[in-house]
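The structure appears right after this line, and notes come after that.
The values are calculated or read from the model by the stated rules, or taken from the named source; none is laboratory data. Since the model is a prediction, treat every value here as computed from it, not as a measurement. Note that each Cβ is placed from the backbone with ideal geometry, even for glycine, and that neighbours are counted across all protein chains shown.
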Amino acid sequence: MSVPKAETVQPKPPPVSFDDRPLMACGSLAFGLTIPWISNLYGPLTAREPVFWLGLIGFVALAGAIWWGNRWLLFKQREHLNWFAHPLRKLMMLVSANVLYTAPLTVAALLAWFWIAGLAVDVEALKLVVATNVICVLFVTHAYETMFLIRERESDMLRVERLERARAQAELAALKAQLDPHFLFNSLNTLGHLIASKPALAREFSDTLAEIYRYVLDSRQRDLVPLDEELAFLRHYHRLLALRFGAAVPLQLDPALQTARWQLPPLALQTLMENAIKHNEASLAQPLRLDFSLAGDAVQVRNALRPRRSALPSPGLGLANLDERCRLLSGRALERRREDGVFEVRIPLVPLRPLESAA
């Protein structure tokens, strides 16, 4: 069964953005106040003269215009160029746009200031302010690009996480879709055997099958179920086996399982019980005992290894399916071991949260 690609159902991520208005206001004010002061653009003017305040307002407005204009150029370039596709072209365009916008605007504004204030043009101060503005613009642009790259990285990581979650959900849905036909196929085979060999037990088997299949249908809506519910279902399923095999398949449940606050994939225990019956000999003379016990944060299932002589080669889909569901839901795989004539499987458990327990 092919699993649908999660990417096809994901919306395109929104463009990365952030509110830089407070930064632009504070930065423009800081540059507009400090750069003219350290470059002595005010000359002999003092705060007692109105033209001084006119210059102060003008320099802050100039800083704001430089900031806003370079910001606009940066955003426009981001619409057409990115660092990964055209790094050199983007760098050259970015530097060129910043310099060609900042330098002429600064020169024009300072010449206007010298004329309005009645001051002689200070060429050295003019060069210093132009160079300082260009350097500050390049620094601020670098800070903007760094911020954008950080935000894009966060957005990419979030998108990848969502895609992985969607992929896992799609794979899990495909795996769960395989459970019902497999279970129904085996149950109907058993019912057909009883109708032919033990008609008196066929009705009880049919009623019990209807009862437990209600649980199978309900479990399709859940990825994990409480352990106590799964144990109740296991007892019902074992009753179906007892109707067919009698005492050939005794069930041993660890009392610690009854009070354990864990959850696991639905039909996990039934899958292991069914797997043991399918691959091993079971008779009244040699019963196949199935032991279910709690082993830390896992359910341990043990049975004797007595392979059927007439068994056909098995593709192992049941355990492979269960193993993959465990990996997706708990991040841990099934643990399987064959030793001293015993087959042992451990199913990883997931803690049962209080809200899930109350539900």
Unique residue being at pLDDT 75 or above, in contact with a Phe, Trp or Tyr (Cβ under 8 Å, 6 or more places away or on another chain) and assigned to a helix (DSSP H, G or I) when the list is Arg153, Arg71: Arg71
For the structure I just gave you, tell me whether Leu41 is in a loop (DSSP other than H, G, I, E, B), at pLDDT 80 or above and crowded, with 18+ Cβ neighbours inside 10 Å. yes
Go through Arg89, Arg21, Arg48 for me and flag whichever is closer than 17 Å to Met147 by Cα, at pLDDT 70 or above and in the same structural domain as Tyr144 (by TED's automatic domain parsing). Arg21
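Assigned by TED's automatic domain parsing to the domain that holds Thr208, surrounded by 14 or more Cβ atoms within 10 Å (Cβ to Cβ) and farther than 16 Å from Arg346 by Cα: does that describe Leu322?
Values: assigned by TED's automatic domain parsing to the domain that holds Thr208: yes; surrounded by 14 or more Cβ atoms within 10 Å (Cβ to Cβ): yes; farther than 16 Å from Arg346 by Cα: no.
For Leu322, the condition - assigned by TED's automatic domain parsing to the domain that holds Thr208, surrounded by 14 or more Cβ atoms within 10 Å (Cβ to Cβ) and farther than 16 Å from Arg346 by Cα - is not met.
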Restricting the range 249-280 to residues that are at pLDDT 90 or above and touching a Pro at 6+ places or on another chain (Cβ under 9 Å), the residue that is nearest to Asn186 (Cα to Cα): Val249
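Say we look at the range 122-148 and pick out the residues that are at pLDDT 80 or above and surrounded by fewer than 12 Cβ atoms within 10 Å (Cβ to Cβ); which of these is nearest to the chain's Cα centre (by Cα)?
Within the range 122-148, the first condition is being at pLDDT 80 or above, and the residues that meet it are 122-140.
Applying the additional criterion that residues be surrounded by fewer than 12 Cβ atoms within 10 Å (Cβ to Cβ) yields 123-124, 135, 139.
Numbers: Val123: 59, Glu124: 57, Ile135: 41, Phe139: 35 Å.
Ranking the candidates gives Phe139 first.
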Only residues that are crowded, with 18+ Cβ neighbours inside 10 Å and either closer than 10 Å to Pro266 by Cβ or within 40 Å of the chain's Cα centre (by Cα) (or both): list them for the range 198-222, please. Leu209, Ile212, Tyr215, Val216, Ser219
Selection count where residues are on the phi < 0 side of the Ramachandran plot, of a type outside the set (Gly, Ala, Ser) and buried (at least 16 other Cβ atoms within 10 Å of the Cβ), scope the range 251-280: 18
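Within the range 214-234, does at least one residue satisfy the condition of being over 30 Å from Gly296 (Cα atoms), modelled with pLDDT of 80 or more and assigned to a helix (DSSP H, G or I)? Even if it seems obvious, please write down each step before you answer.
Residues of the range 214-234 over 30 Å from Gly296 (Cα atoms): 214.
With the extra rule that they be modelled with pLDDT of 80 or more, the set shrinks to 214.
Applying the additional criterion that residues be assigned to a helix (DSSP H, G or I) yields 214.
Yes, there is a match, as at least one residue in the range 214-234 is over 30 Å from Gly296 (Cα atoms), modelled with pLDDT of 80 or more and assigned to a helix (DSSP H, G or I).
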Being modelled with pLDDT of 85 or more and of a type outside the set (Lys, Arg) is the filter here; which residues of the range 340-359 pass it? Asp340, Gly341, Val342, Phe343, Glu344, Val345, Ile347, Pro348, Leu349, Val350, Pro351
Checking the conditions here, which among Arg337, Arg302 is closer than 21 Å to Arg235 by Cα, touching an Asp or Glu at 6+ places or on another chain (Cβ under 6 Å), outside any helix (DSSP H, G or I) and at pLDDT 90 or above? Arg302
